[in-house]
Amino acid sequence: MIKDIFNAAFGYSPEAEGFTPGRVNLIGEHTDYNGGYVLPTALQLGLTIAIKPRDDQKVRIVSKGYDGRSEALLDAPPTDHWSDYARGAILYAGKTGLLAGGADIAVSSTLPEGAGLSSSAAITVGILKLARDLSGSEMDDVTISQIARRIENEFIGMPCGIMDQMAVAIASPGQALFLDTDALTYDLVDLPEDHHMAVVHSGKYRLLNEGRYKERKEECDVVKSALGRNDICQISQKELDGLSNLDEVFQRRARHCMTEHRRTIGAATAVLENDLPELGRLMIESHNSMRDDFEITLPAIDQLVEDAIKFGALGARMTGGGFGGCIVACVEKTRLDQWKTELLSKHQDAFYVC
Ligand code: ADP
Ligand code: MG
């Protein structure tokens, strides 16, 4: 129980506690900073956080399974420590009027960290929502998501888009968030009940802030300045053809954004119409585009996706920023157990997440 963890660490009870889910993106990868759509869904797994505000400038954090207790002043810079995200959240809660001083925080998680399932967004959004409740503020979830994104962009130095924060702040398990990342408007779409969006970790780990995510973002910046606009996802075939004076690598990056955006709209429509074969087909195309045009997959993950389909998934793809982490596969519930057994017996490093 999170209350007990909090009590054991700080010697008194928390003032508020809450659960925030992780998320998996069904389709729409690297579109969220290029003016496109994404289609994430919330997971059953997530983070439980307990908090008690302090009236000094101290932030103390414990997290089950993480070493020691972090203790720092509110305005200290990040130190490349696991507690940076949580402390960033308290700092930005203060900057945006949700908290007046520091805080004591306890965290307990069922989400594998750094797996591309947005433990980072769950922690920042979770803390900001608790601070909102305690302050009596009526700040909406979109604003909470925007502040959570600023924590990653400005405090951590991770140039992520808005998808993760919006997904964990707004979606519930069993629903996908069809999100226009430009206008920040969205629809919640119910997922089919007879199929499961299975998440399998490849066993390959990556650090998102290790640089290759940034590299893709910078490549997109080159495309943006050539186009004279930021919404690469929205360009037409003619505009894509007009990039022929750029190096071929940049043209492929642009093509991924353009086609992935259209696939995401197609996938949301397929879910609405309960056309699961079409959803599966688009997931497979998405993976191929990430492999060939955006070049963010790994051979071991390509193989995992190929086998997921061979063993009966309607569609499968790598999910998340790339270079490791999880795949997501659309599998009929009656076939799930057998599918899992066959896939995992062939891929010894992989493990089933949820
Ligand atoms: P993810 O794909 O899970 O979002 P990130 O690399 O973006 O991976 O974020 C992981 C970071 O989030 C961790 O390094 C840590 O700072 C923070 N974090 C995640 N889970 C926890 C937790 N249970 N307790 C404390 N911090 C956490
Ligand atoms: Mg993250």
Next item on the list: Report, in degrees rounded to the nearest 10, the 0 to 90 angle that the Cα long axis of helix 84-95 makes with the longest principal axis of the chain.
Entry: 70 degrees
Check: Round to a whole number: what % of the accessible area of segment 195-352 belongs to carbon and sulfur, probe 1.4 Å?
Finding: 49 percent
Check: For q = 0.12 Å⁻¹, what log10 I(q)/I(0) does segment 2-190 give under the Debye formula with an equal point scatterer on each alpha carbon and no solvent?
Finding: -0.52
Item checked: Added length on full extension, which subtracts the Cα-Cα distance from 0.36 nm per residue, L184 to K238 -> 16.8 nm
Item checked: Accessible area in square angstrom per residue, segment 2-190, 1.4 angstrom probe -> 37 Å²
Item checked: segment 109-247: equivalent-ellipsoid semi-axes (sqrt of 5 x gyration tensor eigenvalues, Cα, Å) -> 29, 19, 19
Checklist line | Distance-filtered residues of segment 16-52 - backbone nitrogen under 18 Å, label point 7 angstrom along D231 Cα→Cβ | finding: 28-39
Check: Ranked highest first by the average count of other Cβ atoms within 10 Å around their residues, in what order do 86-94, 13-21 fall?
Finding: 86-94, 13-21
Notebook entry, point to check: How much area per residue is accessible in segment 195-352 when the probe is 1.4 Å and only protein heavy atoms are counted (Å²)?
Noted result: 45 Å²
Next item on the list: Arrange the residues E273, E113, E193, E332 by how much accessible surface each exposes, largest first, with a 1.4 angstrom probe.
Entry: E193, E273, E113, E332
Check: Given V223, A167, I49, which one lies farthest toward the positive end of the charge dipole of the chain, if we put +1 on the Cβ of every Lys and Arg and -1 on the Cβ of every Asp and Glu?
Finding: I49
Margin query: At 7 Å along Cα-to-Cβ for each site, give me the label-to-label distance between A100 and S172 in nm.
Written below: 3.5 nm
Check: Per-residue HN-Hα couplings for segment 145-161, Karplus 6.51 cos²θ - 1.76 cosθ + 1.60 at θ = phi - 60°, whole Hz, x for Gly and Pro?
Finding: 4, 5, 5, 4, 5, 4, 4, 5, 5, 8, 7, 7, x, 9, x, 7, x
Notebook entry, point to check: What percentage of the solvent-accessible surface of segment 2-190, computed with a 1.4 Å probe over protein heavy atoms, is contributed by carbon and sulfur atoms?
Noted result: 45 percent
Next item on the list: Could you pull out every residue, at least 5 positions away or on a different chain, whose amide H is within less than 5 Å of the one on D104? Hs are placed 1.01 Å off N in the peptide plane, and Pro or chain starts have none.
Entry: K52, R54, R60
Next item on the list: Estimate the FRET efficiency between L344 and V249 by the formula 1/(1 + (r/R0)^6), using the beta-carbon distance for r and 35 Å for R0, to the nearest 0.05.
Entry: 0.50
Check: Given the convex hull of the Cα atoms of the chain, what is a quarter of its surface area in nm²?
Finding: 17.5 nm²
Margin query: Tell me the volume per residue, in Å³, of the convex hull enclosing the alpha carbons of segment 195-352.
Written below: 107 Å³
Item checked: Protection proxy ranking, peptides 304-317, 48-61, 174-187, 218-231, average beta carbon neighbours within 10 Å, highest first -> 304-317, 48-61, 174-187, 218-231
Check: If the chain between K214 and N274 were fully stretched, how many nm would it gain, using 0.36 nm times the residue separation less the Cα-Cα distance?
Finding: 18.0 nm
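The values are calculated or read from the model by the stated rules, or taken from the named source; none is laboratory data. Please read all numbers here as calculations on a predicted model, not as lab measurements. For neighbour counting, all protein chains shown are included, and Cβ atoms are generated from backbone atoms with ideal geometry for every residue, glycine included. Protein only, heavy atoms only, side chains kept; ligands, DNA and RNA dropped before computing areas. Shrake-Rupley method; radii C 1.70, N 1.55, O 1.52, S 1.80 Å.
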